[in-house]
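For reference, the structure is listed below as structure tokens.
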2 protein chains.
Amino acid sequence: MLAAVLHAARSISADQVPDPELIDPTDAIVQVTAACVCGSDLWPYRGVREASGRIGHEFVGVVQEVGAEVRTVKAGDFVIAPFVWSDGTCANCQAGIQTSCLHGGGWGADDRNGHLVDGGQGEFVRVPQADGTLVWAPVSADSPLVPALLSLSDVMGTGHHAALAAGVTRGSTAVVVGDGAVGLSAVLAASRLGAERIIALSSHADRAEMATRFGATDIVGVRGDEAVAAVRELTDGLGAAHVLECVGTTQSWDTAFGATRPGGTIGYVGVPAGLTESFPIRKAFGGNIAVRGGVAPVRAYIPELLADVLDGTLDPSPVFTLELPLTEIAQAYRAMDERTAIKVLVRP
Amino acid sequence: MLAAVLHAARSISADQVPDPELIDPTDAIVQVTAACVCGSDLWPYRGVREASGRIGHEFVGVVQEVGAEVRTVKAGDFVIAPFVWSDGTCANCQAGIQTSCLHGGGWGADDRNGHLVDGGQGEFVRVPQADGTLVWAPVSADSPLVPALLSLSDVMGTGHHAALAAGVTRGSTAVVVGDGAVGLSAVLAASRLGAERIIALSSHADRAEMATRFGATDIVGVRGDEAVAAVRELTDGLGAAHVLECVGTTQSWDTAFGATRPGGTIGYVGVPAGLTESFPIRKAFGGNIAVRGGVAPVRAYIPELLADVLDGTLDPSPVFTLELPLTEIAQAYRAMDERTAIKVLVRP
């Protein structure tokens, strides 16, 4: 089959690799019908984090075959895969932190028995712990809902996690730092949770326009200290009680702290790979600013978000501004890297 | 009057200084009848944070005189002072974060008009924003409740803040890192909030005994990685959902992270002055461990805790294991520095 293989920094192509096969009785084989490139894929792509090999962790598709112990999905089912696999039964999964599953792991790496788990950017994937991992959706692979459903594999659930972690509730004022696909999804999530005022930071007209479409009530188009000053001006000089950090760099954290009022909460989902300075815990201490979030347990959120996608009340699909075949995976990464696309959907 | 003056690292004495006078119409003059030395006083005392001059920020006493605009206390009232002064009316005070009062500040430093605000370790103190700051208690200065009431000026409220920040509720399992006066108060606070299981880390028999008396159900008497292993063994291998960090050093934070289960919360109140390594935000990210707390807005908690002290259901006074006259302030600091006393009560 064809699958994306990262060879070195900025060198990626769709190569012939062995077809996956069932190994454990809890495995399923899924034919990927749509996948995407994640902002976090850019860390190894850019060489910030050294990595090579199979890549990708966001996909939807159709179950081809299941192991003897798989009960909840069967061949022919359309399924959504969250960006980590998990058994759904351990204490951490039961607590809703499937990203810390005691028997789970990531895509594109070895499982605990030394067998490769395929990355999602390929024609097929072996899915370990299929019962805990996959969520069936009552659609066919050619449904127009596929892009929206694909967003539940990571970006929409991650935005939702930021909003929940920041404590957004009905009537809240929230600030969203970051206008990537996660930041925009966070705007949509905050809006869905009933935030009355959503201040989105974006200095790109197209992304600001999408933020507004997703529910932002105010756009701050400047950066850094100027952005902090603008947010404070919009919030009685104090900052907001709920700030969603969706980038993960030193600058974005500085902005997030500056935008949070004393006693407020930063809900963060940006992988802190870009944090070059030490984390400013003293700012958190002095202002009683809570820091909550992390790698989003999107598996916990798929059922709830799926219901809203199916009934038409939630549509994150506009974040996909470019669609390419798997054979053009290099172009997909380039578009994400150069920010000419917000998020790229890849069709194997 | 006599007041403690820090001259240089490890050099402190009770010196003659000018008596305070009313300056602003919102001021009160309080005769201090009991004060104490705080763990955070040791940072300047040890020279870790450079400082000299008037010191102290925990005291109770009797109002001598009030400015023309003071309404809530009058001469003769016994009052408790929280460890910062605040107006009680600004947006941050109204939100319960009096430590971030827009018109408040600390003891032993200049106010916003350049006038010294006396430290609490002295015979008298000028209290700015007396209405917002002081809390009247219906006792006399010779009441046996004075040590318990004095603990509300900082240490008990700080322990309560750690427990609230960590999300301790009825039936919780909590871990307390730190066996200083704040850590012991945090044990008491967690117990008061109904924690079912309280695991206290202490390798000193006297402090462990006090932790048990305050409600700890389990004592872990080892440190570092061994302490983490012991806590995990007590918590199904996962760690606890609520961990109270009451120290503020790199080692105590490592222990706190190791003792927290995925998705759990670290409630922290230890001044992070001892954090020599950068804060491990990536651990927080990977395990979805929330970090919540900071400098405790004890003013918000005094009324509630005071009611319990008055009705006899709360008694943090055992943390004071040594009492000295103000003239022996050097010995008071030495006892705190060398940990021969848990907390020292000073009588001017």
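Being within 23 Å of B:ALA284 (Cα to Cα) and over 19 Å from the mean Cα position of the chain (by Cα) is the requirement here; does A:ALA216 meet it? First the steps, then the outcome.
Numbers: within 23 Å of B:ALA284 (Cα to Cα): no; over 19 Å from the mean Cα position of the chain (by Cα): yes.
No, not satisfied.
Which one is surrounded by the most Cβ atoms within 10 Å (Cβ to Cβ), of the residues in segment B:276-305 that are among the hydroxyl-bearing types (Ser, Thr, Tyr) and more than 7 Å from chain A (Cβ to nearest Cβ)? Looking at the filtered set, the residue picked out is B:TYR301. Every condition in (1) within 18 Å of A:GLY39 (Cβ to Cβ); (2) surrounded by fewer than 24 Cβ atoms within 10 Å (Cβ to Cβ) is met by A:GLY178 except one, and the failing one is (2). Taking residues in segment A:169-195 that are farther than 12 Å from A:GLY270 by Cα, and partners anywhere that are aromatic (Phe, Trp, Tyr) and assigned to a loop (DSSP other than H, G, I, E, B), the pairs with Cβ atoms closer than 6 Å and at least 6 places apart or on different chains are A:LEU184/A:PHE214; A:VAL187/A:PHE214; A:LEU188/A:PHE214.
Can you find even one residue in segment B:238-258 that is in a loop (DSSP other than H, G, I, E, B), more than 21 Å from A:PHE285 (Cα to Cα) and facing chain A (nearest Cβ under 9 Å)? So that I can check it myself, show each step before the final result.
So the first thing to find is which residues in segment B:238-258 are in a loop (DSSP other than H, G, I, E, B), and the list is B:238-239, B:246-248.
So of that shortlist, the ones also more than 21 Å from A:PHE285 (Cα to Cα) come out as B:238-239.
So of that shortlist, the ones also facing chain A (nearest Cβ under 9 Å) come out as B:238.
Checking segment B:238-258: at least one residue is in a loop (DSSP other than H, G, I, E, B), more than 21 Å from A:PHE285 (Cα to Cα) and facing chain A (nearest Cβ under 9 Å).
Take the conditions (1) assigned to a helix (DSSP H, G or I); (2) under 29 Å from A:ALA163 (Cα atoms); (3) not β-branched (Val, Ile, Thr); B:ARG232 misses just one of them, which is (2).
Regarding segment A:43-56, can at least one residue be identified that is in contact (Cβ under 8 Å) with a residue 24 or more places away in the chain, assigned to a strand (DSSP E or B) and out of contact with any Leu (no Cβ under 9 Å at 6 or more places or on another chain)? Taking every residue of segment A:43-56 in turn, none turns out to be in contact (Cβ under 8 Å) with a residue 24 or more places away in the chain, assigned to a strand (DSSP E or B) and out of contact with any Leu (no Cβ under 9 Å at 6 or more places or on another chain).
Scanning segment B:326-345 finds no residues that are closer than 29 Å to A:CYS101 by Cα and open to solvent by 10 Å² or more (accessible area, probe 1.4 Å). Of all residues in segment B:105-115, those satisfying the criterion of being under 21 Å from the mean Cα position of the chain (by Cα) and either surrounded by 24 or more Cβ atoms within 10 Å (Cβ to Cβ) or in a strand (DSSP E or B) (or both) are B:GLY105, B:GLY106, B:TRP107, B:GLY108.
May I ask you to list the residues in segment A:259-269 that are in a strand (DSSP E or B) and closer than 20 Å to A:LEU42 by Cβ? Steps first, please.
As a first pass, look at segment A:259-269 and keep what is in a strand (DSSP E or B): A:260-268.
Selection gives A:TYR268 alone.
Scan segment A:181-216 for residues that are farther than 18 Å from A:LYS343 by Cβ and basic (Lys, Arg) and jot them down. Within segment A:181-216, A:ARG192, A:ARG197 qualify. Scanning segment B:268-290 for residues that are of a type in the set (Phe, Trp, Tyr) and either free of Cβ contacts under 8 Å to residues at least 12 places away in the same chain or in contact with a Lys or Arg (Cβ under 7 Å, 6 or more places away or on another chain) (or both) yields a single hit, B:PHE285. Would you call A:SER191 outside the structural domain of A:GLY96 (by TED's automatic domain parsing), open to solvent by 10 Å² or more (accessible area, probe 1.4 Å), in contact with a strand residue (DSSP E or B) (Cβ under 7 Å, 6 or more places away or on another chain) and not charged (D, E, K, R)? Yes; evaluated as a whole, the condition is true for this residue.
Can you give me the ranges of the helices (runs of 4 or more DSSP H) entirely in segment B:124-190 with at least 2 residues that are more than 16 Å from B:ILE80 (Cβ to Cβ)? Spell out how you get there, then give the answer.
Numbers: elements: B:130-133, B:146-151, B:155-165.
Hits in segment B:124-190: B:155-165.
In segment B:291-308, the residues that are in the same structural domain as B:LEU102 (by TED's automatic domain parsing) and more than 16 Å from B:LEU244 (Cβ to Cβ) never reach a residue that is acidic (Asp, Glu) and surrounded by fewer than 22 Cβ atoms within 10 Å (Cβ to Cβ) with C-beta atoms less than 7 angstrom apart, at least six apart or across chains.
Cβ-Cβ distances below 8 Å connect the following pairs, each with a first residue in segment A:77-102 that is within 14 Å of chain B (Cβ to nearest Cβ), a second residue that is among the aromatic types (Phe, Trp, Tyr), and a separation of six or more residues or different chains: A:PHE83/A:TRP107; A:VAL84/A:TRP107; A:CYS101/A:TRP85. Kindly evaluate A:VAL222 against the criterion of being within 29 Å of B:GLY287 (Cα to Cα) and either at pLDDT 95 or above or within 13 Å of chain B (Cβ to nearest Cβ) (or both). No: the conditions fail for A:VAL222. When the residues of segment A:1-52 are filtered to those that are in contact with a Ser or Thr (Cβ under 8 Å, 6 or more places away or on another chain) and crowded, with 18+ Cβ neighbours inside 10 Å, the one that is nearest to A:THR72 (Cα to Cα) is A:CYS36.
For segment A:259-274, the candidate set comprises residues that are in contact with a helix residue (DSSP H, G or I) (Cβ under 6 Å, 6 or more places away or on another chain) and open to solvent by less than 20 Å² (accessible area, probe 1.4 Å); within that set, the residue that is nearest to the other protein chains (Cβ to nearest Cβ) is A:PRO272. Inspection of segment A:210-219 identifies no residue that is out of contact with any helix residue (DSSP H, G or I) (no Cβ under 6 Å at 6 or more places or on another chain), touching a residue at least 24 places away in the same chain (Cβ under 8 Å) and crowded, with 17+ Cβ neighbours inside 10 Å.
Considering A:ASP131, A:ASP118, the condition of being of a type outside the set (A, V, I, L, M, F, W, C), open to solvent by 10 Å² or more (accessible area, probe 1.4 Å), away from every other protein chain (no Cβ under 14 Å) and touching a residue at least 12 places away in the same chain (Cβ under 8 Å) is satisfied by A:ASP131 alone.
The values are calculated or read from the model by the stated rules, or taken from the named source; none is laboratory data. What you see is a predicted model; the values in this text were computed from it and never measured. Every residue, glycine among them, receives a Cβ derived from its backbone with ideal geometry; neighbour counts consider all protein chains shown. Note: areas computed on protein heavy atoms with side chains; ligands, DNA, RNA excluded. Shrake-Rupley method; radii C 1.70, N 1.55, O 1.52, S 1.80 Å.
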